[in-house]
Amino acid sequence: GSLLDETPSASTPFGEGIAVHGETIFDACFFSLGSNENTCFLLTGSEDCTSKVYLCEKNRIVDYHPLTPQESCVRAVCSSQIDKTSALLVVGGGKLVLQFFLVKLKYTSRTSGTSLDDVTFSLIGTGHNRQRATIDHRINSVKAVPLDGDGRTYVVVAGDSAGQCHLYLVSEDGAVRHTPGIMVPCSSRPILSLAMIPVHDRILVAMGTTAGDVTLYNLLPRS
């Protein structure tokens, strides 16, 4: 059903707001599917352990789809795309758990993307730290970019509350490979922000910590 039929709106100086989570929303991102320029999708993650995808049409939320909830809080979300037929969604939070979802158009020959009936949602894998983690040990930030020239595969980097980095290779067919030990942060302080951008034959990663440090890494995917 429509989200607008189920939740009250609140007046703000910027227009009307919609209550979509029961607790703090820590992260959100937009992505688009299909060829309709009037629609896009919004992914949000909250302290209430849930993440949701909303269909937005002409700057208005018209429908939503809840994703599989986590055991603990959701602190970071991101999306990445190779084209507009699908999108990889990543959700991270407590106990260092990462969830990998694939949102895909049902009919690639009819790339409208104007309704949630046009797309499928599937949980294609999860990522866990090999060491035992508590609920208070959290993924605070996450980013993903396509791996150039390697099919429909993505590089996912996440930063946690202990200043550690987690690196995954995720394929749209559900293959998830954790590749530990490639990056070691210069600080033990929590990593709160991440940025990734492909530059020629490498991926530049920037990480910001609560100590005010910014650490830069070059990832060489082919090595």
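The values are calculated or read from the model by the stated rules, or taken from the named source; none is laboratory data. The shown structure was predicted, so the numbers you read here are calculated from the model rather than taken from an experiment. Every residue, glycine among them, receives a Cβ derived from its backbone with ideal geometry; neighbour counts consider all protein chains shown. For the accessible areas, the whole protein counts, side chains as well, though only heavy atoms, and no ligand, DNA or RNA atoms are used. Shrake-Rupley method; radii C 1.70, N 1.55, O 1.52, S 1.80 Å.
Looking only at residues in segment 42-65 that are part of a strand (DSSP E or B) and among the charged types (D, E, K, R), which one is surrounded by the most Cβ atoms within 10 Å (Cβ to Cβ)? Please lay out each step first, then the result.
Step one: list which residues in segment 42-65 are part of a strand (DSSP E or B), which gives 42-46, 51-57, 61-65.
If we keep only those that are among the charged types (D, E, K, R) as well, we get 52, 57, 63.
Numbers: Lys52: 21, Glu57: 14, Asp63: 17.
The extreme case among them is Lys52.
Given the conditions (1) aliphatic (A, V, I, L, M); (2) open to solvent by less than 60 Å² (accessible area, probe 1.4 Å); (3) in contact with a strand residue (DSSP E or B) (Cβ under 6 Å, 6 or more places away or on another chain), which single one is not true for Val97?
In the conditions (1) aliphatic (A, V, I, L, M); (2) open to solvent by less than 60 Å² (accessible area, probe 1.4 Å); (3) in contact with a strand residue (DSSP E or B) (Cβ under 6 Å, 6 or more places away or on another chain), Val97 misses (3) alone.
Can we say Leu89 is open to solvent by less than 20 Å² (accessible area, probe 1.4 Å), at pLDDT 95 or above and not β-branched (Val, Ile, Thr)?
Taking the combined requirement at face value, the residue satisfies it.
Could you tell me which residue of segment 194-203 is farthest from Ala162 (Cα to Cα), considering only residues that are loosely packed, with under 15 Cβ neighbours inside 10 Å and not charged (D, E, K, R)?
Applying the filter and picking the extreme gives His200.
Return only the number of the condition from (1) under 13 Å from the mean Cα position of the chain (by Cα); (2) closer than 22 Å to Ala195 by Cβ that Ser32 does not satisfy.
Result: Ser32 passes all but (1).
For segment 139-168, what are the residues that are open to solvent by less than 60 Å² (accessible area, probe 1.4 Å), among the polar types (S, T, N, Q) and without any contact (Cβ under 8 Å) to a residue 40 or more places away in the chain?
Answer for segment 139-168, where residues must be open to solvent by less than 60 Å² (accessible area, probe 1.4 Å), among the polar types (S, T, N, Q) and without any contact (Cβ under 8 Å) to a residue 40 or more places away in the chain: Thr153, Ser161.
Restricting to segment 27-41, name every residue that is part of a loop (DSSP other than H, G, I, E, B), surrounded by 14 or more Cβ atoms within 10 Å (Cβ to Cβ) and of a type outside the set (S, T, N, Q).
First pass over segment 27-41, keeping only residues part of a loop (DSSP other than H, G, I, E, B): 32-38.
If we keep only those that are surrounded by 14 or more Cβ atoms within 10 Å (Cβ to Cβ) as well, we get 32-34, 36.
The answer is Leu33, Gly34.
In this structure, does Asp136 turn out to be at pLDDT 85 or above, in a loop (DSSP other than H, G, I, E, B) and open to solvent by 60 Å² or more (accessible area, probe 1.4 Å)?
Details: at pLDDT 85 or above: no; in a loop (DSSP other than H, G, I, E, B): yes; open to solvent by 60 Å² or more (accessible area, probe 1.4 Å): yes.
In short, no.
So how many residues does segment 139-158 have that are under 12 Å from the mean Cα position of the chain (by Cα) and in a loop (DSSP other than H, G, I, E, B)?
Of the residues in segment 139-158, 0 are under 12 Å from the mean Cα position of the chain (by Cα) and in a loop (DSSP other than H, G, I, E, B).
Based on what the data block shows, is Val77 of a type in the set (A, V, I, L, M), part of a strand (DSSP E or B) and open to solvent by 10 Å² or more (accessible area, probe 1.4 Å)?
Values: of a type in the set (A, V, I, L, M): yes; part of a strand (DSSP E or B): yes; open to solvent by 10 Å² or more (accessible area, probe 1.4 Å): no.
Considered against the rule, which asks whether it is of a type in the set (A, V, I, L, M), part of a strand (DSSP E or B) and open to solvent by 10 Å² or more (accessible area, probe 1.4 Å), Val77 comes out as no.
Residue under question is Thr24, and the condition is that it be crowded, with 19+ Cβ neighbours inside 10 Å and over 19 Å from Thr120 (Cβ atoms); does it hold? First the steps, then the outcome.
Values: crowded, with 19+ Cβ neighbours inside 10 Å: no; over 19 Å from Thr120 (Cβ atoms): yes.
When the stated conditions are applied, Thr24 does not pass them.
Kindly evaluate Tyr107 against the criterion of being open to solvent by 50 Å² or more (accessible area, probe 1.4 Å), in contact (Cβ under 8 Å) with a residue 24 or more places away in the chain and either in a strand (DSSP E or B) or more than 15 Å from Asp27 (Cβ to Cβ) (or both). It would help to see each step written out before you state the result.
Numbers: open to solvent by 50 Å² or more (accessible area, probe 1.4 Å): yes; in contact (Cβ under 8 Å) with a residue 24 or more places away in the chain: no; either in a strand (DSSP E or B) or more than 15 Å from Asp27 (Cβ to Cβ) (or both): yes.
Against the criterion (open to solvent by 50 Å² or more (accessible area, probe 1.4 Å), in contact (Cβ under 8 Å) with a residue 24 or more places away in the chain and either in a strand (DSSP E or B) or more than 15 Å from Asp27 (Cβ to Cβ) (or both)), Tyr107 does not qualify.
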